[in-house]
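Down below is the structure, laid out as C-alpha cells.
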Amino acid sequence: MNDPGLPGPGDDLAVRAASAVRAETDLVPRVGVVLGSGLGPALGEALEETAAYPFTNLPGFPPSGVPGHAGKLVLGHLAGVPVAAFFGRVHFYEGHGMDVPALLPRLAKELGADTMVLTAAVGGLLPGEPAGTVVILRDHINMMGTAPLRGWRYPDGMPTFISAAEVYDEALRELAFERAQSLGIPSSIGVYAAMSGPAYETPTEVRVLQATGATVVGMSMVPEALPATALQMRVLGICSLTNAFGEHVEHEEVVRVSNETAVAVGRLLLDLLPRM
Ligand code: HPA
C-alpha cells in the first residue's frame with residue numbers, strides 16, 4: 001500500500017507554531033509530554049529548560065483559562081531525554097472545538113517527537129480503588145459527544161479511518177506499569193471514559209460508565225490521544241486518581257490530590273523516559 005502521508009484538519013497551525021518554536025531553539029524533542037490538572041509540579045525542578053513559550057505566543061493556541069493549568073510549552077531535557085513539555089492543556093469543556101486540543105500532538109509531531117505521554121487527573125469507577133492510585137491506560141471510550149478526528153483528512157482527501165484498536169501502546173503501557181510497581185507506586189492498568197464536562201458525573205452516569213468497562217473517568221486525554229494515533233505516534237496515558245468511586249467530588253480537591261500524586265507521577269516519568 002502507498003504511504004498516504006500524515007492526516008490533519010486542514011490548517012497550517014502546527015507548522016506555524018513549530019516555526020515560532022524554531023525561532024528560539026533547534027532542539028528536537030523525542031517525546032511530547034502533557035501535564036494535566038496540578039501535575040505541573042511533577043516535572044518543575046527536573047526539567048532542564050532550553051526555551052519556553054506561553055501558549056499565547058503559539059499560533060492557534062488559546063490562553064489556558066483553568067486554575068492549575070499554566071499554559072506554556074517548554075522545550076528541554078527530562079532525565080536526559082529531549083522533550084516538548086506542555087504545562088497545562090486545552091480542554092474541550094472550555095468551549096474549544098476538538099481541533100484545538102489536537103494542536104498539542106500535532107505540534108509535538110511537527111517538532112520531531114514520535115511519542116506522546118499524556119497525564120491527567122481522573123475519578124475512579126472501580127469500588128475500592130483509592131485516590132492516589134496511578135492508572136496506566138489500556139484503552140478508552142469516547143463519551144464526549146463528538147469525535148476528535150472529525151474533519152481530518154489525508155493529503156489525498158480520504159477521511160482518517162484509522163484503527164483505534166491500540167491507541168495506547170502496549171509495550172509502553174507494560175513498561176510504565178512494571179516501573180511504577182518496582183518504584184512502589186500504587187498503580188493499576190485501566191480504561192478511561194472521556195466525558196465532555198465541565199460538570200462531574202451524576203450517580204446514574206457513573207453507573208452507565210461502569211457498565212461500559214471503563215475504570216476511570218476524566219475530561220481530557222482522548223482529544224489528544226486519537227490525533228496522536230492518527231499521526232502515527234506512540235501514546236502512553238498516565239492518570240492520577242484524584243477521587244475514589246463513591247466520594248463526593250470538588251474541583252479544589254481534585255487539584256489538591258493531583259498535586260500530591262504529582263510527586264509519584266514525576267518519579268515515574270523520570271524513571272521511564274530514558275527507557276522508552
Ligand atoms: N470525573 C471527571 N473528571 C475528573 C474526575 C471525575 O470524577 N476527577 C478528576 N477529573
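The values are calculated or read from the model by the stated rules, or taken from the named source; none is laboratory data. Computed from a predicted structure; not experimentally measured. Cβ: placed from backbone, ideal geometry, glycine included. Neighbour counts: every protein chain shown. When the accessible area is computed, the model is the full protein with side chains, heavy atoms only, and any ligands, DNA or RNA have been set aside. Shrake-Rupley method; radii C 1.70, N 1.55, O 1.52, S 1.80 Å.
Output yes when any residue across segment 216-226 is small (G, A, S), more than 22 Å from A131 (Cα to Cα) and at pLDDT 95 or above, and no when none is.
Yes: segment 216-226 contains one or more residues that are small (G, A, S), more than 22 Å from A131 (Cα to Cα) and at pLDDT 95 or above.
Would you say I189 is surrounded by 19 or more Cβ atoms within 10 Å (Cβ to Cβ) and under 20 Å from V135 (Cα atoms)?
No; evaluated as a whole, the condition is false for this residue.
Residues to consider are T25, T50; find the one that is modelled with pLDDT of 90 or more and assigned to a loop (DSSP other than H, G, I, E, B).
Answer to the check: T25.
Could you tell me which numbered condition T146 fails, if it satisfies all but one of (1) assigned to a loop (DSSP other than H, G, I, E, B); (2) hydroxyl-bearing (S, T, Y); (3) within 15 Å of the ligand (Cβ to nearest atom)?
The failed condition is (3).
Being assigned to a helix (DSSP H, G or I), without any contact (Cβ under 8 Å) to a residue 60 or more places away in the chain and within 16 Å of the ligand (Cβ to nearest atom), is that true of even one residue in segment 187-202?
Within segment 187-202 (the criterion being assigned to a helix (DSSP H, G or I), without any contact (Cβ under 8 Å) to a residue 60 or more places away in the chain and within 16 Å of the ligand (Cβ to nearest atom)), the answer is no, since none of the residues qualifies.
Looking only at segment 220-238, decide whether some residue is assigned to a loop (DSSP other than H, G, I, E, B), more than 16 Å from the ligand (Cβ to nearest atom), touching a residue at least 40 places away in the same chain (Cβ under 8 Å) and open to solvent by 40 Å² or more (accessible area, probe 1.4 Å).
Within segment 220-238, one or more residues are assigned to a loop (DSSP other than H, G, I, E, B), more than 16 Å from the ligand (Cβ to nearest atom), touching a residue at least 40 places away in the same chain (Cβ under 8 Å) and open to solvent by 40 Å² or more (accessible area, probe 1.4 Å).
Any idea which of (1) touching a Lys or Arg at 6+ places or on another chain (Cβ under 8 Å); (2) farther than 15 Å from L137 by Cβ is the one S220 doesn't satisfy?
(2)
Determine, yes or no, whether A264 is over 27 Å from G97 (Cα atoms) and either within 13 Å of the ligand (Cβ to nearest atom) or in a helix (DSSP H, G or I) (or both).
Taking the combined requirement at face value, the residue satisfies it.
Condition test on L272, is it under 19 Å from the mean Cα position of the chain (by Cα), closer than 19 Å to L149 by Cα and open to solvent by less than 70 Å² (accessible area, probe 1.4 Å)?
Here the answer is no, as L272 does not meet what is asked.
Look at G246 and say whether it is away from the ligand (no atom under 16 Å from the Cβ), in a loop (DSSP other than H, G, I, E, B) and loosely packed, with under 13 Cβ neighbours inside 10 Å.
When the stated conditions are applied, G246 does not pass them.
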